[in-house]
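The values are calculated or read from the model by the stated rules, or taken from the named source; none is laboratory data. Quick caveat: nothing in here was measured; it's all calculated off a predicted structure. In this analysis, Cβ positions are derived from the backbone assuming ideal geometry, glycine residues included, and neighbour counts consider all displayed protein chains. These accessible areas exclude ligands, DNA and RNA; they are computed on the full protein's heavy atoms, side chains included. Shrake-Rupley method; radii C 1.70, N 1.55, O 1.52, S 1.80 Å.
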Amino acid sequence: MPDIKPQVYKDPRPAEYFDRFHERSRTHEPDWVYDLARIVVTPPCLAMYRLRAIGAENVPRTGPVILAPNHFSQWDHFFAGVYIRRKVRFMAKSQLFSNPVIQWIFFHGGAFPVRRGYQDEEAFKTAFTILERQQGCMLMYPEGGRSRTGGLGEPRPGVGRIALQTGVPVIPVAIHGSVGVRKWRKLRFPKVTVQYGEPMAFGVVAEPTRDQQLEVATQIFERVREMYDRLEAHGRRGVIKALREGIGERAERKLPAGQHR
């Protein structure tokens, strides 16, 4: 596993420090900075990381939706958004809001912070605003942060809470290959595939219990895990071939064991 900086789980800055980011996200959609960032990151995604997408048509072109991918690399934000014509709003850990340049990009690009290690209700209020009032497309990692092991982690209840309280459809997303992104300094660039699953819908529960939240988060992440495992075992071509020969994701789940990359 490549070296990873020690994780900082609690941000020492007061909650008020992040108010301006929440206010901006609740009152403004991403501006030209988002478009510029897309222009800048798309060429390396496609050329160096050979990024390709499967099932991007599963993401609705309009209306509120939650993207729920696994998380290995800080490039996952970009990998998940390159093939989506919509402007994807990111819930990012507050520790990323440190460098003034990054803060400015996040401020104008539609990202908003969540203070990990705290019960950050402001982050949930911003998420609800984006989904319900702005009818936006929001990305949230079910694992709550990057995997530290090189394998998929375990889901946390946050995405389940938002899905239940809003009733917004969730798109499970498998990002395969990004675990190797940290090797770029050795000029080793992995081939990255992003697969968007079919929408998952859950009935609205005004005040879901933690167990209910975790149950929904687990259902979402199990679908992510299924897609990821198929990509790991059979590769991009094998998954695409199965989808073309069958009907939807049910065919991909029945991918024969002998199918190769």
* Structure fact -> The condition of being modelled with pLDDT of 90 or more and part of a helix (DSSP H, G or I) holds, among Leu243, Leu231, only for Leu231
* Structure fact -> From the option list Pro157, Pro169, single residue qualifying as more than 18 Å from Lys93 (Cα to Cα) and either surrounded by fewer than 14 Cβ atoms within 10 Å (Cβ to Cβ) or of a type outside the set (A, V, I, L, M, F, W, C) (or both) is Pro169
* To do: Could you grab me the full set of residues in the range 69-82 that are within 21 Å of Glu154 (Cα to Cα) and open to solvent by 10 Å² or more (accessible area, probe 1.4 Å)?
  => His71, Gln74, Trp75, His77
* Structure fact -> Taking the range 139-155 and keeping only residues that are assigned to a loop (DSSP other than H, G, I, E, B), in contact with a Lys or Arg (Cβ under 8 Å, 6 or more places away or on another chain) and touching a residue at least 40 places away in the same chain (Cβ under 8 Å), one is left with Pro142, Glu143, Gly145, Leu152
* **Candidate set from the range 172-228 (those that are among the basic types (Lys, Arg) and not in a loop (DSSP other than H, G, I, E, B)); member that is most open to solvent (accessible area, probe 1.4 Å)** => Arg185
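Rundown of residues vs (1) small (Gly, Ala, Ser); (2) under 21 Å from Val173 (Cβ atoms), yes/no style:
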site: Arg20; (1), (2): no, no
site: Arg24; (1), (2): no, no
site: Ala37; (1), (2): yes, yes
site: Thr42; (1), (2): no, yes
site: Arg50; (1), (2): no, yes
site: Arg61; (1), (2): no, yes
site: Ala68; (1), (2): yes, yes
* **Every pair of residues 6+ apart whose Cβ atoms lie under 9 Å, when the first sits in the range 72-88 and is in contact (Cβ under 8 Å) with a residue 24 or more places away in the chain and over 16 Å from Gly145 (Cβ atoms) while the second is among the acidic types (Asp, Glu) and part of a loop (DSSP other than H, G, I, E, B)** => Lys87/Glu29
* Mind checking which residues of the range 83-97 are open to solvent by 10 Å² or more (accessible area, probe 1.4 Å) and among the hydrophobic types (A, V, I, L, M, F, W, C)? -> Phe90, Met91, Leu96
* Structure fact -> When the range 107-120 is checked residue by residue, the ones that are of a type in the set (Phe, Trp, Tyr) and open to solvent by 40 Å² or more (accessible area, probe 1.4 Å) are Phe107, Tyr118
* Which numbered condition His71 fails, given (1) at pLDDT 95 or above; (2) in contact with a Phe, Trp or Tyr (Cβ under 8 Å, 6 or more places away or on another chain); (3) outside any helix (DSSP H, G or I); (4) not aromatic (Phe, Trp, Tyr) -> (1)
* For Glu16, which of the numbered conditions (1) in a helix (DSSP H, G or I); (2) in contact (Cβ under 8 Å) with a residue 24 or more places away in the chain fails to hold? -> (2)
* Structure fact -> If we ask which residues in the range 113-129 are more than 12 Å from Phe21 (Cα to Cα), outside any helix (DSSP H, G or I) and out of contact with any Gly (no Cβ under 9 Å at 6 or more places or on another chain), their number turns out to be 5
* Residue list for the range 13-36, filter: aliphatic (A, V, I, L, M) and either surrounded by fewer than 14 Cβ atoms within 10 Å (Cβ to Cβ) or touching a Leu at 6+ places or on another chain (Cβ under 7 Å) (or both) -> Leu36
* Asked: Do we have any residue at all in the range 60-68 that's crowded, with 18+ Cβ neighbours inside 10 Å, out of contact with any strand residue (DSSP E or B) (no Cβ under 7 Å at 6 or more places or on another chain) and touching a residue at least 40 places away in the same chain (Cβ under 8 Å)?
  -> yes
